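The values are calculated or read from the model by the stated rules, or taken from the named source; none is laboratory data. Since the model is a prediction, treat every value here as computed from it, not as a measurement. Ideal geometry is used to build each Cβ from the backbone, glycine not excepted, and the neighbour counts take in all protein chains shown. The protein model used for the area step is the full one, side chains on, heavy atoms only, and it has no ligands, DNA or RNA in it. Shrake-Rupley method; radii C 1.70, N 1.55, O 1.52, S 1.80 Å.
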Amino acid sequence: TAKRNRSGTAMYDAEADSHSSEQLGVIGELHRAIAGDELVLHYQPKVATGTGELVGVEALVRWQHPVRGLLPPGEFIPQAEDDEIIVALTDAILEMALVQHRTWRDAGVELPVAVNIAAGGLYDNAFPDRVAAALARHEVPGAMLTLEITETSIITDPAEVQTILDRLRDLGVKLSIDDFGTGYSSMAYLQTMPLTELKIDRRFIGSVHESPSDEAIVRAILELARALGLKVVAEGVESADALALLETMGCPFAQGYHMSRPLPAGDVLTWAAGRVGV
Ligand code: C2E
Ligand code: CA
Ligand code: CA
Ligand code: CA
């Protein structure tokens, strides 16, 4: 199979040849999963590095498969990204996250929520209108929603994505670059795109306290973000040592197993109890 990846490069995909019927099966089943409420969102706390206070959550999708059990996103998101089903999937996830935001707000906690948007979900001229409609339907202010996108998505077609991001920004929605530092070396987009946040990829964070080169990269990203007025979140913080160093370095926000794994929605407020902030 010669197929095109998102940057338009033709590549041979032997994997797809040998698994294409399995692949079709996953997509077919995903239609059922979306319609039948088999998708679940878990939420990972995002905290202020210094105080540990909860400042928001990232929604991470799982599939409660009737036969295979709870599937992580790596088992179906990559397949969905190569199919138009990514649009319906993105809508369903956004919807669930906003409903959950309302549930927490009704419980007295206004918790900003971040949703991951794959390239296929972003490159859709109707996407900003659907986000606007979903926010209005649930009466959620745009500023309560962050969309996490990757550098790769931006670079695919900067002119087209600029229009879409500007419309999202007009809704007050916050835009975050996920896995920052792993995508492209061109950073020109940082000057033109209406971004609010960089998430430093966990490959630089996990061992930041014992790797001088990781530390140097993290310092450089922090400096860059400061100069550009962007928030920074370190992801993949797995130890007290990494967290302490990040705080010393002036990294304001962090996420990772050391603070909390992604949690079922019902566990988030229990986890947050006693933490100041929201
Ligand atoms: P991501 O957006 O970079 O999400 C962070 C991933 O790192 C999550 O894996 C999270 O559980 C994991 N993680 C968090 N803290 C730590 C840590 O301290 N150490 C380590 N080793 N890992 C940590 P998960 O939930 O399996 O998600 C994997 C990827 O799947 C996500 O990476 C994202 O690219 C994608 N994904 C997840 N949910 C969605 C979604 O709703 N929509 C889309 N389009 N993609 C999603
Ligand atoms: Ca993310
Ligand atoms: Ca990430
Ligand atoms: Ca990722």
Residue count for the range 48-77, restricted to those that are among the hydroxyl-bearing types (Ser, Thr, Tyr) and surrounded by fewer than 19 Cβ atoms within 10 Å (Cβ to Cβ): 1
Criterion (of a type outside the set (Val, Ile, Thr), more than 16 Å from ligand 4 (Cβ to nearest atom) and at pLDDT 95 or above) met by exactly one of Leu190, Leu198, Leu147, Leu222: Leu222
Within the range 113-150, tally of residues that are of a type in the set (S, T, N, Q) and over 27 Å from Val47 (Cβ atoms): 1
Every residue from the range 142-158 that is surrounded by 19 or more Cβ atoms within 10 Å (Cβ to Cβ) and more than 16 Å from ligand 2 (Cβ to nearest atom): Met144
Given (1) within 15 Å of ligand 3 (Cβ to nearest atom); (2) buried (at least 17 other Cβ atoms within 10 Å of the Cβ), index of the condition Glu238 fails: (2)
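Okay, residues lined up against (1) on the phi > 0 side of the Ramachandran plot; (2) part of a helix (DSSP H, G or I); (3) small (Gly, Ala, Ser); (4) open to solvent by 30 Å² or more (accessible area, probe 1.4 Å):
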{"site": "Gln79", "(1), (2), (3), (4)": "no, yes, no, yes"}
{"site": "Gly121", "(1), (2), (3), (4)": "no, yes, yes, no"}
{"site": "Leu135", "(1), (2), (3), (4)": "no, yes, no, no"}
{"site": "Val140", "(1), (2), (3), (4)": "no, no, no, no"}
{"site": "Asp166", "(1), (2), (3), (4)": "no, yes, no, yes"}
Number of positions in the range 93-112 that are assigned to a helix (DSSP H, G or I), touching a residue at least 60 places away in the same chain (Cβ under 8 Å) and more than 24 Å from Leu30 (Cα to Cα): 2
First in the range 253-274 and closer than 12 Å to Leu41 by Cα, second anywhere and part of a helix (DSSP H, G or I) and open to solvent by 70 Å² or more (accessible area, probe 1.4 Å), Cβ under 8 Å, 6 or more apart: Ala265/Thr103
Cβ-Cβ under 6 Å pairs, at least 6 apart or on other chains, the range 174-201 side closer than 12 Å to Val232 by Cβ and within 12 Å of ligand 1 (Cβ to nearest atom), far side of a type in the set (S, T, N, Q) and open to solvent by less than 10 Å² (accessible area, probe 1.4 Å): Lys199/Ser176
